[in-house]
Each structure stands twice: as structure tokens, then as C-alpha cells.
Amino acid sequence: DILVLAAYAAVMVFVGAYYSRQNRTADDYLLGGRGISPIALGLSLFATLVSTLSYLAHPGEMIAHGPMLATMVAAHPIIFLIVGYGLIPLLMRQPVTSAYELLESRLGRGIRQAGAAVFLLLRLGWMATILYATSSEVLIPLLGLDRFWIAPLCIALAVLTAVYSSSGGLKAVVMTDAIQSITMLAGAIATIVVIT
């Protein structure tokens, strides 16, 4: 288990290093050169929206709530197509670096700052929850560690993510998310095959 986790971490760092060498401009780093595949973006959105928490919790929720959760999950492919082929390409053609610039141009600087602040607070809380849950509910039992290791594992996961994200830019984030999506989907398929 430790070797698999170490290999996975090494692949994530490699992806960040690979794309860091390809980035020539700020546009390459921040926007992936405005040329990222819609399929990779869709997989990245999937990994972003389906975290470790939801990946592990959905089976129990499906048993408890049945068709209601299935309806929500069934909408994801439609959302991915609309966002991947409609919204993101539209935003990528705009002469801006982020959606917050569009907020500022239409509604003023205060709305841009408020939108950015709310987004950052939500993301920080969300990421902290995912790091904690992944460490305490997945890695600690998987590796047979004492609960003392939850905080060091959270820090290690955060540092790993910061390294590949900050070194490779948006393309590294999208590609590592795509790898994570494929890994999650392969795990789900393998689980169904083993159970069957």
C-alpha cells in the first residue's frame, strides 16, 4: 500500500515538473495556453466535484436515499458536457485571466473582491475537510497508523498538492485531476467486477 501511494505521489510531482518545463508565458501557466482538451477538462471537473468524501460516501447514501442520489449523479455527464464544451471555451476566448475580472468589469471592484473572498473561504474549508477525511478515514486505516499521524498526513498531502500545482500551473492541475478521475473510475469498475 505504501509503495502504491508513493508511486502515485511521484507521478503527481512528475506531472507538475513536466508541465513546468512547457510553460513559457503567464498565459501558459495560468490558463494552460488556452488550449486544454475538453475531455481533460471534463475529467478534471469530475475529480474536482467528486472528492474522496463523495467517492466513499455515495454508496452509503445510495442505500439510504436511493433514486434521489442517482438523479443527482446522472446529471453530472450533462453538466460536464455543458461546462467542458460551452462555458469553459467561452471563458477561454475572453481576454481575461479569471472569471473575477468579468465580475469587476460588469459589477465593480467590490463585487470582484467579495466573490473572490467567498470562493477562497469555501475552498479552504472544503480542502481542509477533504484532507482531514482522507487522512483519518482512508490513510490511517489503510496504513494501520495511529491517529497521531492525521495532522502530518494532512500537511504532507497539502504540500504534495501545492508542489505539483504551483510548479506546473493549470495544465498540471487539469492533468493530475484527469489521472485521479481515471483512477477513481477504474477503482469503481474493479470493485463491481470483484463483487460480481
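The values are calculated or read from the model by the stated rules, or taken from the named source; none is laboratory data. Bear in mind that the values here come from a model prediction, so they are computed numbers and not experimental data. Please note: Cβ atoms are built from the backbone with ideal geometry, for glycine as well, and neighbour counts cover all protein chains shown. Accessible surface is based on the protein model in full, side chains and every heavy atom, while ligands, DNA and RNA are left aside. Shrake-Rupley method; radii C 1.70, N 1.55, O 1.52, S 1.80 Å.
Looking at the chain as a GNM with Cα springs under 10 Å, which of VAL118, VAL50, VAL96 has the largest mean-square fluctuation?
Judging by the Gaussian network model, the answer is VAL118.
Averaged per residue, what accessible surface does the chain expose to a 1.4 Å probe, in Å²? Walk me through the numbers on the way to the answer.
Details: 12260 Å² over 196 residues.
It amounts to 63 Å² per residue over the chain.
Figure the gain on full extension for GLU61 and LEU160 (residue separation times 0.36 nm, minus the Cα-Cα span) and round it to one decimal in nm. List each step's numbers first, then the result.
Numbers: separation 99, 0.36 × 99 = 35.64 nm, distance 3.02 nm.
Contour length minus the Cα-Cα distance gives 32.6 nm.
Based on DSSP H assignment, which helices of the chain show an axial Cα extent of at least 20 Å together with a mean Kyte-Doolittle hydropathy greater than or equal to 0.0?
Numbers: long enough: 2-22 (31 Å, 1.40); 67-82 (23 Å, 1.89); 109-133 (36 Å, 0.99); 150-195 (38 Å, 1.68).
Taking the DSSP H segments of the chain (at least 20 Å long, mean hydropathy at least 0.0), we get 2-22, 67-82, 109-133, 150-195.
Rounded to a whole number, what % of the accessible area of the stretch 106-188 do carbon and sulfur atoms account for, probe 1.4 Å? Provide the component values of the computation, followed by the final result.
On the way: 3610 of 4840 Å².
C and S atoms contribute 75 percent here.
Jot down the radius of gyration and Dmax of the chain, Cα atoms only, both in angstrom.
18.4, 56
Select from LEU41, LEU131, LEU122 the residue whose mean-square fluctuation is largest in a Gaussian network model of the chain (Cα-Cα springs shorter than 10 Å).
Of LEU41, LEU131, LEU122, the most mobile in the Gaussian network model is LEU122.
What is the dipole size for the chain, taken about its Cα centre, with +1 at each Lys and Arg Cβ and -1 at each Asp and Glu Cβ, in debye to the nearest 20? Spell out each step's value before the answer.
Numbers: 10 positive and 9 negative charges, 119 e Å.
Dipole magnitude for the chain comes out near 580 debye.
With springs connecting C-alpha atoms under 10 Å apart, model the chain as a Gaussian network and identify which of LEU90, LEU160, LEU107 has the largest mean-square fluctuation.
For the chain, modelled as a Gaussian network with Cα springs under 10 Å, the answer is LEU107.
Using the beta-carbon distance between ARG24 and TRP126 and R0 = 35 Å, what value does 1/(1 + (r/R0)^6) give for FRET efficiency, to the nearest 0.05?
Values: r = 32 Å, r/R0 = 0.91.
It comes out at approximately 0.65.
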